[in-house]
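Before any comments, here is the structure.
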Amino acid sequence: MKNTFAEIEKLHRSCYPFAEDQWDYILSNIFDKRYYEYAGRRVWALEQLDDRRDRRMDINAIESWKQSYNSIKDQSWPDCDTFTDFENLPVAIQNECINVHNFSPSNWLSQDIKFTEWQEDLNWTYQTFDLVRINYIILDNLEFIAGKKVVDFAGHVGLFAGCCLHNGAESVTYTNVKKQMLDIGNEVLELIDSSANRHQSILSDIHDYECNDRICQGQDTVMLLGIMDIVHDHYRILESITVAEPNTIIIENIDPEPIKYNKEPLVYWWTEVTHTSWKGYHEDLKPITVGCPNCSWFDFVLAGLGYKKVKHTSYEIWEPKAQDLTNKMDLSTRSVHVYVKEL
């Protein structure tokens, strides 16, 4: 029998050195779970369009769909284990699901559905992968976020930008190069910040150095989270950001295994696909060459740009698709670096 979504996340949480009160602290400092689930499901709907995707990413959502159906299911109803099974249900059952319970594949799995039309899944929970990153990136660095003007470059669907708003940032600027992802993230930020008007969302390419400079003007803290391992021009990006002299730069990076302990400033290179939402970007979806710097590289380059490191935290993290937690292929080491402008 397959584990449910919640059971998988409970298993994941048992792998981290956090006491129960630490999990409670993390959960109390993240924005409304409905907004998180809404964004996550819309992104998953986008991924469904890609036949080359990692099918393990589907498991949790499909199990959650089944649980939601079973929660409204009459004993006389047939099972409905997949979205296509819904079309084979008797018409009367389909109508009851839609008209009484607001439950259907179009409400469950749509990349275009609005929050007001969408159906919450009470079985859905926060992914441990995201909670662990929020702990080390946001909650451990609140002094650089609360009351500050923050930029989140290439911010996926606004998870960290939203957490900055939720934790008292004066303002947040969120960017993405992919219009569909930006629209999802912007809607999430609108839900979190519906009246205060403390955020802006900008469609921009992090390789546009002049745009980076403009975005960073007058900002306090710049975040580069999960982005510096899927680009090729690391120095130019950092140079374009530091021209505006933000006070703080927070970088979250995957430590590249072959060079992570090397004291020399190095970059590890490979070719990466660009058809999934969390990989490198190419408008024609062509594979691209990307590199991942080691810690020494960031220290060396940012020192030359006038910044000193004040914090460095490394942690191991399981990928959200991991089902077998004895398979270390899904376990990686990440580091959070915090640099401040030298006076």
Just one of (1) modelled with pLDDT of 95 or more; (2) surrounded by fewer than 16 Cβ atoms within 10 Å (Cβ to Cβ) trips up residue 117, so point out which. (1)
When you look at residue 93, is it within 26 Å of residue 17 (Cα to Cα) and at pLDDT 95 or above, yes or no? no
Test set (1) within 15 Å of the chain's Cα centre (by Cα); (2) of a type in the set (Lys, Arg); (3) crowded, with 20+ Cβ neighbours inside 10 Å - residue 178 fails condition number: (3)
State which residue pairs qualify: first residue in the same structural domain as residue 248 (by TED's automatic domain parsing) and inside the range 198-216, second residue assigned to a loop (DSSP other than H, G, I, E, B) in any location, beta carbons under 6 Å apart, and separation of 6 or more residues or different chains. 199/193; 205/177; 206/154; 211/204; 213/243; 213/244; 216/244; 216/246
With respect to residue 250, determine if the residue is within 25 Å of residue 204 (Cβ to Cβ) and either at pLDDT 95 or above or surrounded by fewer than 17 Cβ atoms within 10 Å (Cβ to Cβ) (or both). yes
The correct count of residues that are assigned to a strand (DSSP E or B) and touching a residue at least 40 places away in the same chain (Cβ under 8 Å) in the range 258-309 is 8
Checking residue 84 against (1) exposed (fewer than 13 other Cβ atoms within 10 Å of the Cβ); (2) within 20 Å of the chain's Cα centre (by Cα); (3) not aliphatic (A, V, I, L, M): exactly one of these is not met. Which one? (2)
When only residues in the range 216-245 that are under 20 Å from residue 170 (Cα atoms) and polar (S, T, N, Q) count, which is surrounded by the most Cβ atoms within 10 Å (Cβ to Cβ)? 221
What's the total number of residues in the range 316-343 that are in contact (Cβ under 8 Å) with a residue 24 or more places away in the chain, closer than 30 Å to residue 220 by Cα and part of a loop (DSSP other than H, G, I, E, B)? 1
Residue 191 - would you say it is assigned to a helix (DSSP H, G or I), closer than 23 Å to residue 139 by Cβ, within 21 Å of the chain's Cα centre (by Cα) and among the hydrophobic types (A, V, I, L, M, F, W, C)? yes
Among (1) modelled with pLDDT under 95; (2) in a loop (DSSP other than H, G, I, E, B) - the single one residue 218 does not satisfy: (1)
Of everything in the range 1-49 that's within 14 Å of the chain's Cα centre (by Cα) and part of a loop (DSSP other than H, G, I, E, B), which residue is surrounded by the most Cβ atoms within 10 Å (Cβ to Cβ)? 30
Residue 308 meets each of (1) closer than 27 Å to residue 219 by Cβ; (2) charged (D, E, K, R); (3) at pLDDT below 95 with one exception, condition (3)
Checked the range 72-87 for anything of a type in the set (A, V, I, L, M, F, W, C), under 20 Å from residue 120 (Cα atoms) and part of a loop (DSSP other than H, G, I, E, B); matches are 80, 83
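Okay, residues lined up against (1) more than 23 Å from the chain's Cα centre (by Cα); (2) under 14 Å from residue 307 (Cβ atoms):
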{"position": "244", "(1), (2)": "yes, yes"}
{"position": "255", "(1), (2)": "no, no"}
{"position": "264", "(1), (2)": "yes, no"}
{"position": "267", "(1), (2)": "yes, no"}
{"position": "275", "(1), (2)": "no, no"}
All positions within the range 101-137 that are of a type in the set (Val, Ile, Thr) and in contact (Cβ under 8 Å) with a residue 12 or more places away in the chain: 113, 125, 128, 132, 134, 137
Since residue 179 meets every condition but one in (1) basic (Lys, Arg); (2) within 22 Å of residue 130 (Cβ to Cβ); (3) in contact with a strand residue (DSSP E or B) (Cβ under 8 Å, 6 or more places away or on another chain), which condition does it not meet? (2)
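The values are calculated or read from the model by the stated rules, or taken from the named source; none is laboratory data. Computed from a prediction, not measured in an experiment: that's the story for all the values here. Cβ coordinates were reconstructed from backbone atoms using ideal geometry, including for glycine residues, and neighbour counts include every protein chain displayed.
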